[in-house]
Amino acid sequence: MRKNEHGKGTLSSMIWLAVLALAIYAGVNLWPAYSAHYLLQDKMNELARIGRMPNAEQKIRDGLMKEVNDESLTPYINRPDFVITTSETSRRITVEYDREVNILPGVKKVLHFKGKAEALVAF
């Protein structure tokens with residue numbers, strides 16, 4: 001062992017360790033909100049490609065609400081929140097919602113999410 005080594009940490013390294021721990025904790029709390037939004041966005045893109053058929057909008061809304069239930073987004077998104085616009089050649093699905101997340105103990109943040117999917121409609 002060298003003469004200058006005492007085996008004790010400095011105050012700054014302890015502070016950085018605490019900051020790193022808080023950042024990881026915040027990331028773990030934010031991940032589910034962003035992950036659920038990404039999966040909803042993916043389902044919106046998938047359902048926007050459904051071709052023209054009777055009751056297509058109803059089937060799209062049913063699929064979207066199933067995804068909302070699967071991802072536990074029901075407190076934030078209701079059936080009428082999805083806006084589905086179909087033209088002759090394309091379809092657009094949009095949704096906006098807010099979700100409150102506990103980032104750290106005692107620290108809450110409202111996240112605003114916007115989802116948009118656009119696709120060509122097959123006949």
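What follows is calculated from the coordinates using simple rules that are stated; it is not laboratory data. Note that this is a predicted model, so its numbers are computed, not measured. Glycine also receives a Cβ, built like all others from the backbone with ideal geometry; neighbour counts cover every protein chain displayed.
Key figures
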quantity	calculated
Hits in region 21-67 - residues which are under 19 Å from Lys114 (Cβ atoms) and of a type in the set (S, T, N, Q)	Ser35, Gln41, Asn45
Within region 82-115, considering residues that are in contact (Cβ under 8 Å) with a residue 60 or more places away in the chain and of a type outside the set (Val, Ile, Thr), the one nearest to Leu40 (Cα to Cα)	Gly115
Contacts under 9 angstrom Cβ, first residue in region 67-81 being touching a residue at least 12 places away in the same chain (Cβ under 8 Å), partner among the hydroxyl-bearing types (Ser, Thr, Tyr) and part of a loop (DSSP other than H, G, I, E, B), 6 or more apart	Val68/Thr74; Val68/Tyr76
